[in-house]
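Visitor: A single structure is presented below for examination.
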Amino acid sequence: MGKKKYVAYVGTYTHGTSKGIQVYDVDVENGTLTERSEVEVSNASHLAVSKNGKYLYSIEDEGVAVFRRDKNGDLSRINSVDINGMRGCYLATDVDGRYLYVAGYHDGKVTVVHTHKDGRLGSVMDGVFHKGLGSVAERNFRPHVNCVRPTPDNKYLCAVDNGIDQVKIYRINKKKDKLELVDILRCPRESGPRIIRFSDDGRFAYLLFELSNEVKVYSYDGSGKNPEFELLQSITTLGKEDANDAIHNAASGISMSADGKYLFCTTAGENTVTMYAVDQETGLLTKKFSLPISGDYPKDLMIFPDNKHIAVANHGSNSITVFTVDYEKNIIMMNEKPRKIETPNCIHIWPVPDEWEDPADPLTSAEK
C-alpha cells in the first residue's frame with residue numbers, strides 16, 4: 001500500500017452523545033483505527049465522497065452538507081442545502097460530478113442536487129416521489145427509498161425501494177437535469193431490497209435484501225436503448241438457512257473488496273458477517289463463511305484497502321469491531337477490543353486527497 005494515508009469516517013445518529021461524524025486514522029498494515037476528531041453534523045446517517053477525494057457529503061437533518069477534506073483527511077464545512085423533503089438516508093455521486101443523489105426513506109423520495117466544481121452544493125434539480133403499496137405492515141405499506149446508485153456507465157440511476165419491493169431505474173437526462181423512469185426491477189413481496197452495488201467492471205449488480213436475507217446477482221448491460229438486468233443467482237446471507245428465528249434477522253450491509261474477488265455482507269439479529277468468493281467471469285457468488293461480529297445489530301461494514309481487514313459498525317452495541325480475514329482458513333480474528341461509539345450507522349475508509357493545486361477538478365463517484 002506504500003505510504004498512502006487513509007482515514008475512516010463513521011456517520012452516527014446524534015440523539016445521544018455522538019456529535020455526527022467520527023474521524024479515525026487508519027493503520028492499514030495492522031488493521032487498526034485510532035480516534036482523531038469529531039465533526040458536528042445532525043444525524044449524519046450516511047456519507048459519500050468525491051472520486052478526487054476532496055469533498056465529503058453527509059446527510060443531516062437540514063438536508064445535505066458538504067465538507068472540504070484537507071491533506072490529512074480533516075473536514076471543514078463548505079455549505080448545506082435543503083432537499084425539500086424529509087431527512088435522507090443514503091447518498092451517491094455521479095461519475096461526472098454534476099449531481100448528488102439522495103435517497104429518502106421516510107418520504108419515499110429521490111432527490112437530485114447540483115454539485116459545483118469548487119465543492120459547493122447548489123440547488124435541487126429534481127425530486128421524484130415513489131408511488132405504490134408496500135407489503136409489510138410495520139412499514140405502513142408505503143414507499144421507502146433506501147439506496148440510490150448510478151450505473152457505472154452513468155446512464156441510469158438505480159433507486160432501491162425497501163417499502164414497495166422494487167428497484168426503479170431512471171434515465172439521467174443531463175440536458176433537462178431530470179430523472180426519467182425507464183424500467184422497474186420487481187422483487188418478491190416482503191423481500192425488502194436494501195442496497196445495490198456494482199462490480200468494478202460494471203457487468204454485474206449485487207442487490208442485498210433486508211427481509212429475505214439474501215443477495216441476488218444480476219447481469220447488467222447498458223449498451224442498448226434501455227438497461228437490461230438479468231437475474232443470475234440468489235444466495236442467503238444467513239449462517240443457518242433454516243433458522244427458526246430467521247424472521248428476526250435483517251441483512252444490513254454490503255461491501256466488496258478492492259480487488260473485486262470477495263463480497264461481504266452483515267446480517268443484524270444473527271449478528272454475523274458473511275463472505276463470498278466472486279467468480280470474475282460469471283459474477284456468481286460462493287459462500288465461504290458466516291461468523292459472529294462480536295457486536296449487536298451491525299448496520300454497515302468496510303473492507304480495508306489491503307483487503308486483509310474489515311471494520312463493522314454495530315448500531316445496537318455502540319461499537320466498531322475490526323477483524324483480520326484469513327482467506328485460506330475462511331475465518332476472521334478480532335484485532336483489538338471493540339471501540340466504543342454511540343449509534344454508528346455507516347463506516348467508510350478513503351485515502352486522503354493527493355493534492356489541492358486545482359480545486360476545480362470535476363467531482364466523480366468513489367464507488368460504483
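Visitor: Of the residues that sit in region 173-193 and are under 26 Å from V113 (Cα atoms) and crowded, with 22+ Cβ neighbours inside 10 Å, which one is farthest from the chain's Cα centre (by Cα)?
Guide: The first filter runs over region 173-193 and keeps only residues under 26 Å from V113 (Cα atoms), leaving 173-185, 193.
Right, trim to crowded, with 22+ Cβ neighbours inside 10 Å and you get 179, 193.
Values: L179: 21, P193: 13 Å.
Taking the candidates together, the pick is L179.
Visitor: I need the full set of residues from region 340-349 which are within 15 Å of D300 (Cα to Cα) and outside any loop (DSSP other than H, G, I, E, B), in order please.
Guide: Narrowing region 340-349 to residues within 15 Å of D300 (Cα to Cα): 341-349.
Result: P344, N345, C346, I347, H348, I349.
Visitor: Which strands (runs of 3 or more DSSP E) does region 1-82 wholly contain that include 1 or more residues that are more than 23 Å from D118 (Cβ to Cβ)? Give the derivation first.
Guide: Working: elements: 6-12, 20-27, 32-40, 47-49, 55-60, 63-69, 75-81.
The qualifying strands (runs of 3 or more DSSP E) are 6-12, 20-27, 32-40.
Visitor: Would you confirm, using the coordinates I've provided, whether K240 is charged (D, E, K, R) and within 21 Å of G31 (Cβ to Cβ)? Show your work before the answer.
Guide: On the way: charged (D, E, K, R): yes; within 21 Å of G31 (Cβ to Cβ): no.
The answer is no for K240.
Visitor: Does D153 satisfy the condition of being in a loop (DSSP other than H, G, I, E, B), open to solvent by 10 Å² or more (accessible area, probe 1.4 Å) and closer than 28 Å to T272 by Cα?
Guide: Values: in a loop (DSSP other than H, G, I, E, B): yes; open to solvent by 10 Å² or more (accessible area, probe 1.4 Å): yes; closer than 28 Å to T272 by Cα: no.
In short, no.
Residue by residue, here is whether (1) touching a residue at least 60 places away in the same chain (Cβ under 8 Å); (2) out of contact with any strand residue (DSSP E or B) (no Cβ under 7 Å at 6 or more places or on another chain); (3) within 30 Å of K308 (Cα to Cα); (4) not aliphatic (A, V, I, L, M) holds:
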| position | (1), (2), (3), (4) |
| --- | --- |
| Q22 | yes, no, yes, yes |
| I59 | no, no, yes, no |
| R69 | yes, no, yes, yes |
| N79 | no, no, no, yes |
| M86 | no, no, no, no |
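Visitor: Does G127 fit the bill of being within 25 Å of D153 (Cβ to Cβ), touching a residue at least 24 places away in the same chain (Cβ under 8 Å) and assigned to a loop (DSSP other than H, G, I, E, B)? Walk me through it before giving the result.
Guide: Numbers: within 25 Å of D153 (Cβ to Cβ): yes; touching a residue at least 24 places away in the same chain (Cβ under 8 Å): yes; assigned to a loop (DSSP other than H, G, I, E, B): no.
Considered against the rule, which asks whether it is within 25 Å of D153 (Cβ to Cβ), touching a residue at least 24 places away in the same chain (Cβ under 8 Å) and assigned to a loop (DSSP other than H, G, I, E, B), G127 comes out as no.
Visitor: So which residues in region 273-293 are polar (S, T, N, Q) and either open to solvent by 10 Å² or more (accessible area, probe 1.4 Å) or in contact (Cβ under 8 Å) with a residue 40 or more places away in the chain (or both), if there are any at all? Before you say what the answer is, go through the steps one by one.
Guide: Going residue by residue through region 273-293, those that are polar (S, T, N, Q) are 274, 280, 282, 286, 290.
The answer is Q280, T282, T286, S290.
Visitor: Among the residues of region 100-125, write down those that are of a type outside the set (S, T, Y), open to solvent by 20 Å² or more (accessible area, probe 1.4 Å) and touching a strand residue (DSSP E or B) at 6+ places or on another chain (Cβ under 9 Å).
Guide: Correct list: D107, H114, H116, D118, R120, V124, M125.
Visitor: For V26, only one of the following conditions fails: (1) open to solvent by 10 Å² or more (accessible area, probe 1.4 Å); (2) out of contact with any Lys or Arg (no Cβ under 9 Å at 6 or more places or on another chain). What is its number?
Guide: (2)
The values are calculated or read from the model by the stated rules, or taken from the named source; none is laboratory data. Since the structure is predicted, the reported quantities are computational estimates derived from the model, not experimental observations. Heads up, the Cβs are rebuilt from the backbone with ideal geometry, glycines too, and the neighbour counts pull from every protein chain shown. For accessibility, only protein heavy atoms count, side chains too; no ligands or nucleic acids. Shrake-Rupley method; radii C 1.70, N 1.55, O 1.52, S 1.80 Å.
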